[in-house]
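The values are calculated or read from the model by the stated rules, or taken from the named source; none is laboratory data. Every value quoted in this text rests on a predicted model; they were computed, and no experiment measured them. Don't worry about glycine lacking a Cβ; one is built from the backbone with ideal geometry, like all the others, and counts go over all protein chains shown. SASA here: full protein model, heavy atoms, side chains in, ligands and nucleic acids out. Shrake-Rupley method; radii C 1.70, N 1.55, O 1.52, S 1.80 Å.
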Amino acid sequence: MLNKILYTTLGISLALIFFPHPAKEAVKTPVVAGISTQAADNALKTAPEMAVNLSQPQLTARAALAYDLDSGTVLYSNNLDEKLPIASLTKLMTALTVVNHVGPNAVVTIIKADETPIGSTVGLVEGEKITVSDLLAAMLIPSGNDAALALANFVAGTPEKFAEMMNQEATDLNLANTHFSNPVGWDTFDSQANFSNSLDLIKIVQEFLKHDELRKIVGTRQASVSSLDGKYVHQLLTTNKLLLDDPEVTGIKTGFTSKAMGNLIILDNHGGNQIVTVVLGSDNREADTQKLLDWVFAVYKW
């Protein structure tokens, strides 16, 4: 009976913070709960229960969230509503915007404006023709900045116009604490910066995973794509180290800039349960994520 009272109280408290509201600078105490934050839905599984009481994981991340995708349960959160730069996690929304506007078999001719020496690239060459599907893989697996620019320029004409489309997608998804200024995730230092929070990122992930092709791409460890004439071949190796090391990890995306620091979203298929973790502003995104996953699997039972 006492446990039921405690869980009910925790659920009410969590509901109050789960809806977006202005972020505060102060670091909040991590929230732990085994309570579903979504409205009742017959399609959702039963929420996991806290089986043991362990000390919360000590993370370097400025914000972190663990979420049971199948039951809609927040398992852990710290600063879940703090707006932070998200680096290449931006490319999840870039991908969503692309698939909502063009088909996977559309052919893109690479232009000079697509080429960039900044950050991770796959070596796209002006004049080569390549499909949207292959560019999505080049953007999401090795986080190719040139692939992101190529998709943005193809769909909208310029990265700036494409960012407007991304922001419309964010509005449609009711992302109150998210804004995009470019399709890559590059840092900007003004009011038009790329930013989001861990709660909004969970919503993006939920929408992203509705697309089977995108889900498959972010679970791919290694691949190659080529121009239509076969002249140019681009080797793709995932930047997601946990995807390489852990067979239960099935995605999703890494991000890093000097301003955003280490960002990582992981989808872990643990005993048939889909757990999503979000780590933002980390000194060691893989270590923080692993600590969070280990803690979740030790504390909760399904």
Which net charge results for the neighbourhood of Ala147, defined as the other residues with beta-carbon distances under 10 angstrom from its beta-carbon, given Lys and Arg at +1 and Asp and Glu at -1? -2
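With charges set only on the Cβ (+1 for Lys and Arg, -1 for Asp and Glu), what does the dipole of the range 146-256 come to about its Cα centre, in debye to the nearest 20? Walk me through the numbers on the way to the answer.
Values: 9 positive and 15 negative charges, 58 e Å.
Computed about the Cα centre, the dipole is about 280 debye.
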Search the structure for amide H atoms under 5 Å from the amide H of Ile111, placed 1.01 Å from N in the peptide plane, and list their residues when 5 or more places away or on another chain. Gly127
Using only the heavy atoms of the protein chains and a 1.4 Å probe, how would Glu115, Glu169, Glu128 rank by accessible area, largest first? Glu115, Glu169, Glu128
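At 4 °C and 1.567 mPa s, what whole-number value in µm²/s does Stokes-Einstein give for the translational diffusion of the range 36-122, with Rh from the Kirkwood sum over Cα pairs? Walk me through the intermediate numbers first.
On the way: Rh = 17.6 Å.
Diffusion coefficient, whole number: 74 µm²/s.
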So between Ile111 and Asn269, what do we pick up on full extension, going 0.36 nm a residue minus the alpha carbon distance? 52.9 nm
Whole-Hz couplings from phi, Karplus 6.51/-1.76/1.60, listed for the range 163-170; x for Gly and Pro: 4, 4, 5, 4, 5, 5, 4, 4
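Show me 277-288, 116-127 ranked by packing, highest mean number of other Cβ atoms within 10 Å first. Before the final figure, lay out each step's value.
On the way: 277-288: 22.8, 116-127: 15.6.
Averaged packing, sorted descending, gives the order 277-288, 116-127.
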Quick one: Debye curve from the C-alpha atoms of the range 126-167, no solvent, what's log10 I(q)/I(0) at q = 0.25, 0.32 Å⁻¹? -0.87, -1.11
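Where does each of 223-232, 131-140, 145-154 land if you order them by average Cβ count within 10 Å, highest first?
On the way: 223-232: 14.1, 131-140: 24.6, 145-154: 27.0.
Top of the packing list down: 145-154, 131-140, 223-232.
Could I get the Rg over Rh figure for the range 205-274? Both from C-alpha atoms, Rh via Kirkwood, rounded to two places.
Values: Rg = 14.2 Å, Rh = 13.7 Å.
Answer for the range 205-274: 1.04.
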Just to confirm a number: summing +1 for Lys and Arg and -1 for Asp and Glu over residues other than Leu201 whose beta-carbon lies under 14 angstrom from that of Leu201, what do you get? +1
Residues of type lysines that Lys301 reaches as a straight line, Cα spacing below 19 Å, ignoring anything fewer than 8 places off in the same chain: Lys4, Lys45, Lys291
Given a 1.4 Å probe and the protein chains all in place, what does the accessible area of His179 round to, in Å² to the nearest 10? 40 Å²
